[in-house]
Amino acid sequence: MTSIPADPGLVLGNVIEPERIEHLKEIAQLQTPVDLANDRLNNLTMSVYKIQLIFQQMVNMMVDPLSLVEIQAEMVALKAEAAEAAVDLAKKTIEAEKKVRDMKAKNQTKITKQIESPLNYDQCDVKQFPLSFDSLKFDVQFFQVATSADASTAHATTVGSHVAASMNGSFAAQASMQMGASATTTTMAQVNTNDVDGTIVITAYANHKETDIISPFVMDAEKAVTAWNWCNSDDRLKTGPQEMWEAALDDKGGKEGSSLQILSGVAKSSSFVGYVHILKSERTVQSSVSASVAASVAATMYANMGQAAAMGSFGVSSEVSS
């Protein structure tokens, strides 16, 4: 699915420029190969993570290693395919960025002004209607820091890749990659300043069925005429009394293609990314202290064994353990 790129002009209640929407659609079309390549890479990455977890569970259950050979072979094949997908994504990203950059430089569609919204906000209201659907995507994974020279960088990169893969399909490819980059930076900061043993990553994405709709949708007559003339310079409405009367009686409408488009509703979603960093806890005891404690315990046991032998018993009494 290709999403229309975000634009500051797309505001609830504002006038929408059809040319701007078409330009955004063209940009989205150029980014479609990147989105598809990113989807493929993220799906392969998630598959590798899942198979690794399954393999580790089997090892913990002490399953016969010979039975896991096929799983290991599948992991190797998936990693090779993921590497090929990563190279393909890099090539398509560079190619698409060049095309988008050239298009923006050619068209120069940056918005420098915006007509005032024709809505009469005193009589309008924003209400919620169940026009969309509720959905929830939730995932929890644990990533342990490896004991190597570049463990910090590898751990942060792994966490970032997982976040990007988890949010893929919920947001546009660019947004999911930005979230992954942010996760990498955040994890790197924690690993560099703390002795981290591992990180629990919690990701959640939710669609909300309640859609914000402007209802009642009431326009101010003067603002509506101004907005119409601004959007349709070749089919302007005259504001004189006689001209307005004639326009109201004319049932033929204006020129073909003339329109006034206003954003009247929006569907919403939300996301959450949480981290639980597990710190290493180490305790060092000096050898002299350990030797002193051992000598004290040995003396106590010898004394108790001597008392037991004098009484005709063997070993130490239960009081020694307390």
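Here is how the numbers come out for the structure above:
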{"item": "Listed peptides 222-228, 79-85 by packing density, highest first (mean Cβ within 10 Å)", "result": "222-228, 79-85"}
{"item": "Three-way shape call for the range 3-76 based on the alpha-carbon gyration tensor, with the a/c threshold at 1.5", "result": "prolate"}
{"item": "Extension reserve of the residue 26-residue 280 stretch, reckoned as 0.36 nm per residue once the Cα distance is removed", "result": "86.4 nm"}
{"item": "Amide hydrogen neighbours beyond the local backbone of residue 120, cut-off 5 Å, H modeled", "result": "218, 219, 220"}
{"item": "3J(HN,Hα) from dihedral phi, the range 195-201, Karplus parametrisation 6.51/-1.76/1.60, rounded to Hz, x for glycine, proline", "result": "8, 8, 8, x, 9, 9, 10"}
{"item": "Mean Cβ neighbour count within 10 Å, used as a protection proxy, ranking 64-72, 261-269 highest first", "result": "261-269, 64-72"}
{"item": "Shape of the range 37-143, Cα gyration tensor, a/c cut at 1.5", "result": "oblate"}
{"item": "The range 191-254 - Kirkwood radius from inverse mean 1/r over Cα pairs (Å)", "result": "17.6"}
{"item": "Heavy-atom accessible surface of the range 165-244: percent carbon and sulfur, 1.4 Å", "result": "54"}
{"item": "3J(HN,Hα) from dihedral phi, the range 224-240, Karplus parametrisation 6.51/-1.76/1.60, rounded to Hz, x for glycine, proline", "result": "5, 5, 4, 5, 4, 5, 6, 7, 10, 5, 9, 9, 6, 9, 7, 9, x"}
{"item": "Restraint check, 25/98; 223/268; 79/280; 137/268; 127/209, Cα-Cα greater than 20 Å", "result": "223/268; 79/280"}
{"item": "Accessible surface, per residue, of the range 36-99 when the full set of protein chains is kept, probe 1.4 Å, Å²", "result": "66"}
{"item": "Full-extension gain in nm, residue 249 to residue 102, via 0.36 nm per residue minus C-alpha separation", "result": "48.2 nm"}
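The values are calculated or read from the model by the stated rules, or taken from the named source; none is laboratory data. What you see is a predicted model; the values in this text were computed from it and never measured. As a convention, Cβ positions derive from the backbone with ideal geometry for all residues, glycine included, and neighbour counts pool all protein chains shown. Only protein heavy atoms, including side chains, enter the accessible area calculation; ligands, DNA and RNA are left aside. Shrake-Rupley method; radii C 1.70, N 1.55, O 1.52, S 1.80 Å.
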